[in-house]
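Notes for the one structure printed next.
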């Protein structure tokens, strides 16, 4: 069996393969000891382990046989699930990536926003807390009930939080503010996709793909279908596992 592990800023994804068939999957919070969490997921021997994500180099020095970039991991995972995919949008806890693939599934270009947390999972977590929602899931569902009319002028997490709280104190509806914040994320994301010249089919991976409001608004903004895998947070780990199996087969 071959294993892929994606050590991200918020979660750790794990996928085990036998050949190219998925046998096991798991998803855990990264926590304060990510390598300990990763070792617990790898609770048996694997012929080859490939790591990706923020913690991939630490994993390489500890238990992984090799590492691959998140760009390659998400491209491999998305192409396995959806042959013919031409663009992968990955929004995780700390960054946003747009990855272009050719008709053979190889990466041809990418763009990455990692200078701040604007538009990422962390941004949505902070905004949900500022508006008094219990989590990002409730935040997204309530945003779908909002009415348009409010515009968030700043995407910096600190200033956007201040702007949202100020709007709340001035009597604006929570759902309306929530919708405006989601619209601002989608506007930023759509801009990245358009700048890199995205093509369809478009597959959305990462934790933010679980936010139904973001998916709905993005599809409306672009006028295309946005494909969300059943487990979007495991696509990177799947790609790492596929890399492990492919490398082993070539040796």
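FYI, it's all coordinate maths here, none of it is from the lab. Please read these numbers as outputs of a predicted model, since none were measured by experiment. Here Cβ is always computed from backbone atoms with ideal geometry, including for glycine, and neighbour counts include all displayed protein chains.
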How do 110, 159, 123 rank when sorted from fewest to most other Cβ atoms within 10 Å of their own Cβ?
159, 110, 123
For segment 1-145, just say rounded, prolate or oblate: build the C-alpha gyration tensor, square-root its eigenvalues into a ≥ b ≥ c, call rounded for a/c under 1.5, and beyond that prolate if a/b exceeds b/c, oblate if not.
oblate
Using the alpha-carbon atoms, what tilt in degrees (0 to 90, nearest 10) does helix 121-130 show relative to the longest principal axis of the chain?
40
Pulled fully out, how much extra length does the chain show between residue 69 and residue 134, if you take 0.36 nm times their separation in residues and subtract their Cα-Cα distance?
20.1 nm
Can you give the FRET efficiency for residue 28 and residue 219, using 1/(1 + (r/R0)^6), R0 = 25 Å, r = Cβ-Cβ distance, to the nearest 0.05?
0.25
Would you work out if segment 199-245 is rounded, prolate or oblate? Take a ≥ b ≥ c from the square roots of the eigenvalues of the alpha-carbon gyration tensor; rounded if a/c is under 1.5, else prolate when a/b is larger than b/c, oblate otherwise.
oblate
Sort 136-146, 23-33, 86-96 by packing, meaning the average of other beta carbons within 10 Å per residue, with the highest value first.
86-96, 136-146, 23-33
Taking the chain and counting helices only, DSSP H stretches of n ≥ 4 at -39,500 (n - 2.57) each over all residues, the nearest-500 ellipticity at 222 nm comes to -13500 deg cm²/dmol
Considering only DSSP beta bridges whose two residues both sit in the chain, what percent are antiparallel, to the nearest 5?
65
In degrees, nearest 10, range 0 to 90: what is the angle between the Cα axis of helix 235-250 and the longest Cα principal axis of the chain?
20
Cα centroid distance between segment 214-233 and segment 1-68, in Å?
27
Compute the long axis of helix 70-81 from its Cα atoms, compare it with the longest principal axis of the Cα atoms of the chain, and write down the angle in degrees, 0 to 90, nearest 10.
80
Of the residues 221, 122, 72, which exhibits the maximal mean-square fluctuation in a Gaussian network model of the chain defined by a 10 Å Cα contact cut-off?
221
Rounded Å value of the spacing that divides the Cα centres of segment 74-92 and segment 113-187
27
Simple spin-label model, 7 Å along Cα-to-Cβ: residue 187 to residue 43 in nm?
4.7
